[in-house]
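Below is one structure, written out as structure tokens, with a few remarks after it.
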Amino acid sequence: MTKFVFPLLCLPLCAMLCSNHKEQSEPSAKPVEISRGLVGKSASTADFSTSTAEISGSTADFLGTPSPVSAPADTIAKTATEQRMERLGFVDIQRIDPSIQVSLMYTRADNFTGRVLYTDLHRAYLHPEAAQALKKAQAELKRLRPDLSLKVYDAARPMSVQQRMYNVVKGTSKSIYVSNPKNGGGLHNYGLAVDLTLCDAKGDTLHMGTVIDYLGKLAHVKGEQQRMAEGQLSQTAISNRKLLRRVMAAGGFKVLSTEWWHFNLHTRAEAKARYKVIP
Ligand SMILES: [Zn+2]
């Protein structure tokens, strides 16, 4: 996509404004270690690709005790960041449910910054609770529409990437949409939020009225009916959005009112009280 005007919506600032928010195989890939801590000592926020050593002694415990998963055989070696995410206890959602499609938007330059922000992160990670919740959502979708799948565009986002994002837009007109990491993270930074849409069996996304990360009222949930009446959103787009919300609700997620694609498992207050951001 080349028209990523303002994707930032899932960025923490928006999260703040909106209150409840913004490969070669390891032959013997072990199940994700989930009994270890989630986020421990601080890792460098400047370069997450080289900061794996500092976090090995993580001590915080997960809340909840998700079961270990049997991962499909990995065919591509994990990057340093991916290995770090797993040591911290985050899980690759495609190991939880291989039928969920993933296309991380920040691995490409056609995002609002015009830069590749995920240089070392190609798998979609979530907190285990959120990954299990997403699996439930996918199951509900398959029950209702076996021909469709969830397609994830962003999931857990390390604070180091948030810092990079902030640095890119700092001093530009886009800066108001990206929170300063020093002020705390959004739900993506806890691995408790996901940006996603619906796709068909070929991976082609369904019509939702706007692209993901579109900035403007057409992306808002509130007022959809009125915008349909005004001819700005089609009945098909509204129906597809409702289906997405229905299946995500089955997993326990709530949509962000200003972004049809962004879903939180918890509120910011809950996240702040019970979880830690990803360094
Ligand atoms: Zn988001």
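The values are calculated or read from the model by the stated rules, or taken from the named source; none is laboratory data. This one's a predicted model, so the numbers in the text were calculated from it and none came from an experiment. Note: ideal-geometry Cβ built from the backbone for every residue, glycine included; neighbour counts use all protein chains shown.
The table for this structure:
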| item | result |
| --- | --- |
| Filtered residues of the stretch 141-171 (kept if among the small types (Gly, Ala, Ser) and under 16 Å from residue 207 (Cα atoms)) | 149 |
| Of residues in the stretch 246-258 being assigned to a helix (DSSP H, G or I) and surrounded by fewer than 18 Cβ atoms within 10 Å (Cβ to Cβ), the one nearest to the ligand (Cβ to nearest atom) | 249 |
| The stretch 221-240: number of residues that are over 17 Å from residue 205 (Cα atoms), part of a loop (DSSP other than H, G, I, E, B) and small (Gly, Ala, Ser) | 2 |
| Number of the exception - residue 270 against (1) over 30 Å from residue 88 (Cα atoms); (2) not in a loop (DSSP other than H, G, I, E, B) | (1) |
| Residue satisfying condition, being surrounded by 22 or more Cβ atoms within 10 Å (Cβ to Cβ) and either under 18 Å from residue 198 (Cα atoms) or over 16 Å from the mean Cα position of the chain (by Cα) (or both), within set 84, 115 | 84 |
| Condition check for residue 209: more than 12 Å from the ligand (Cβ to nearest atom), small (Gly, Ala, Ser) and surrounded by fewer than 18 Cβ atoms within 10 Å (Cβ to Cβ) | no |
| Qualifying positions in the stretch 188-220 - touching a Phe, Trp or Tyr at 6+ places or on another chain (Cβ under 9 Å) and small (Gly, Ala, Ser) | 191, 193, 209, 216, 219 |
| Residue match in the stretch 186-202 (condition: assigned to a loop (DSSP other than H, G, I, E, B) and at pLDDT below 90) | yes |
| Search result, residues across the stretch 259-279 that are surrounded by 16 or more Cβ atoms within 10 Å (Cβ to Cβ), more than 13 Å from residue 193 (Cβ to Cβ) and away from the ligand (no atom under 16 Å from the Cβ) | 276, 279 |
| Some residue of the stretch 98-116 being assigned to a helix (DSSP H, G or I) and more than 16 Å from the ligand (Cβ to nearest atom) | no |
| Options 218, 243: the member that is assigned to a helix (DSSP H, G or I), away from the ligand (no atom under 16 Å from the Cβ) and in contact with a strand residue (DSSP E or B) (Cβ under 8 Å, 6 or more places away or on another chain) | 243 |
| Residues within the stretch 151-182 that are away from the ligand (no atom under 14 Å from the Cβ) and in a helix (DSSP H, G or I), tallied | 14 |
